[in-house]
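Data block below; observations after.
Bear in mind that the values in this text are calculations on the coordinates, not laboratory data. All values derive from a computational prediction rather than experimental measurement. No Cβ is skipped: glycine too gets one built from the backbone with ideal geometry, and neighbour counts run over all protein chains shown.
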Amino acid sequence: MKDKLIFFVDDEPMFINLLEYTFKCKTGYVIRTFGNGEDCIRHLDMNPDLVVVDYFLEIGRMSGMEVVKAIKKRNSDIAVIVLSGNSDRAAIAEAKSAGVSDYIIKDGYFIDKLTECIIKALANPALPHSADEK
């Protein structure tokens, strides 16, 4: 399972560095990071197993949801998790209807929730998962 490739897309450099370091150490997965959606989309030929994308992307022309939709249009088998500080129910519903595996709120426990969701999504990417379903 350690040969799985995960893309992280977030426009906050310190946050993306935290994610990269944490998940390389915690899981041993291969990690690629992108500061905007366009770079992520350009690298989809690397066939990531999972993409974790921030809902709000202020750098680049694509929003997080545009990235999700572009990924799903190109390859619906790629698991996608949205990670965001936005807890608005409409945003969550929009992400779920676009086919994301999960939508995780950036709070004090998000690393544990994200770890659980990544492991589940990579174990069975065809099924939607939620850390809040417990």
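Rounded, prolate or oblate: which fits the range 17-88 when a ≥ b ≥ c are the square roots of the eigenvalues of the alpha-carbon gyration tensor, with rounded for a/c under 1.5 and prolate only if a/b beats b/c? Because a/c hits 1.5 or more and a/b fails to exceed b/c, the range 17-88 counts as oblate.
Hey, what number do you get for the chain at 222 nm if only DSSP H runs of n ≥ 4 count, each worth -39500 (n - 2.57), divided across all residues, to the nearest 500?
-12500 deg cm²/dmol
Amide H to amide H distances under 5 Å link L83 with V53, D54, Y55, I104, where only residues 5 or more positions off or on other chains count and H is placed in the peptide plane. At a threshold of 8 angstrom on Cα-Cα distance, excluding pairs fewer than six apart, so keeping six or more, what relative contact order does the chain reach in percent? Relative contact order of the chain: 20 percent. Assign one of three labels to the range 5-133, namely rounded, prolate or oblate, based on the Cα gyration tensor with a ≥ b ≥ c the square roots of its eigenvalues; rounded applies when a/c is under 1.5, prolate when it is not and a/b is larger than b/c, and oblate otherwise. Cα axes put the range 5-133 in the rounded bin. Dipole magnitude for the chain: about 360 debye, using +1 per Lys or Arg Cβ and -1 per Asp or Glu Cβ, origin at the Cα centre.
Hydropathy at least 0.5 by Kyte-Doolittle, axial extent at least 20 angstrom from the Cα trace: which helices of the chain, defined as entire DSSP H runs, fit? Before the final figure, lay out the partial values.
Values: long enough: 13-27 (21 Å, 0.20).
What comes out of the filter, once short or polar helices are dropped, is none.
Grab the Cα-Cα distance for E20 and I111, subtract it from 0.36 nm times how many residues apart they are, and report the gain in nm with one decimal.
Additional length available on full extension: 31.6 nm.
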